[in-house]
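Peer 1: Got a structure for you, written out below as structure tokens; questions coming shortly.
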Amino acid sequence: MLSCPFCAKTKNDYYLESENFAVLYNISPILPGHSLVIPKLHKESLFELTNEELAEFMLLGKNTALLLCKVFQTDAFNWAIQEREVAGQSVAHLHMHVVPRKLGDMVNPGDWYQRLEKIESGDIDTYTRYRLSDEILNMLTQKMKQKAVELGFQ
């Protein structure tokens, strides 16, 4: 899909990957480290995955959480899949949010999901939420690639 922002991503945008899936640093992170696990090919729904692909997707999500926890020195994380717009999905390309968490990073630990799903204007996870510049996003991606190699994830 040409209009899909995730389909436009290349290997340079990934900091971790498997055969069919890749990990991107979120351009609109809720907290430091907020990343997305995506299929490399356009798939809109979890239901489009074979059982083998689902296992690969979940394993890459687990490895992403492990990497983020090591890099951000925590053992806590959230992950979420929003399936379809009515559930808060803003990009019609399957993606899993993985967010490392630390004590006190939000007033109420459960607030991360409201921040993921909505912003103050009430819009669902849209392009109006704060976005990193291309330069900062690239720097963070390169840092995470380096950490993935150093820590034996690649």
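Peer 1: Find the centroid of the Cα atoms in region 135-154 and in region 1-64, then give the distance between the two in whole Å.
Peer 2: Using only Cα atoms, the two centres lie 16 Å from each other.
Peer 1: Cysteines of the chain lacking any other cysteine beta carbon under 4.7 Å?
Peer 2: Cys69
Peer 1: So which lysines pass the test for Lys9, namely a Cα distance under 20 Å, with those fewer than 8 places away in the same chain ruled out?
Peer 2: Partners within reach: Lys40, Lys43, Lys143, Lys145.
Peer 1: Over the chain, with every protein chain in place, what whole percent of the accessible area is carbon and sulfur at 1.4 Å, could you tell me?
Peer 2: 56
Peer 1: Taking only Cα atoms and a 10 Å spring cutoff, compute GNM fluctuations for the chain and point out the largest among Ser133, Ser28, Ser18.
Peer 2: So, out of Ser133, Ser28, Ser18, the one fluctuating most is Ser133.
Peer 1: So, for the chain, what is the accessible surface per residue at a probe of 1.4 Å, expressed in square angstrom? Each step should come with its number before you reach the end.
Peer 2: On the way: 8700 Å² over 154 residues.
I get 56 Å² per residue for this part.
Peer 1: Under 5 Å between amide hydrogens, which residues at least 5 positions from Ser18 or on another chain qualify, with H placed 1.01 Å from N in the peptide plane?
Peer 2: Distant-sequence amide H within range of Ser18: zero hits.
Peer 1: Ok, one more. Going Cα to Cα from Lys147, which lysines come in below 18 Å? Please leave out same-chain ones fewer than 8 positions away.
Peer 2: Within the straight-line limit of under 18 Å, Lys147 reaches these lysines: Lys11, Lys62, Lys70.
Peer 1: Work out from phi, with θ = phi - 60° and the Karplus expression 6.51 cos²θ - 1.76 cosθ + 1.60, the ³J(HN,Hα) of each residue of region 88-98, listed in order in whole Hz, and give x for Gly and Pro.
Peer 2: x, 5, 9, 10, 7, 8, 3, 7, 10, 7, 10
Peer 1: Quick check on region 36-117: take the gyration tensor over C-alpha atoms, sort the square-rooted eigenvalues as a ≥ b ≥ c, and tell me if it's rounded (a/c under 1.5), prolate or oblate.
Peer 2: Numbers: a/c = 2.93, a/b = 1.39, b/c = 2.10.
Judged from the Cα gyration tensor, region 36-117 comes out oblate (a/c at least 1.5, b/c at or above a/b).
The values are calculated or read from the model by the stated rules, or taken from the named source; none is laboratory data. Bear in mind the structure is a predicted one, so any value in this text is a computation, not a measurement. As a convention, Cβ positions derive from the backbone with ideal geometry for all residues, glycine included, and neighbour counts pool all protein chains shown. Side chains are part of the model used for accessible areas, which takes the heavy atoms of the whole protein and leaves out ligands, DNA and RNA. Shrake-Rupley method; radii C 1.70, N 1.55, O 1.52, S 1.80 Å.
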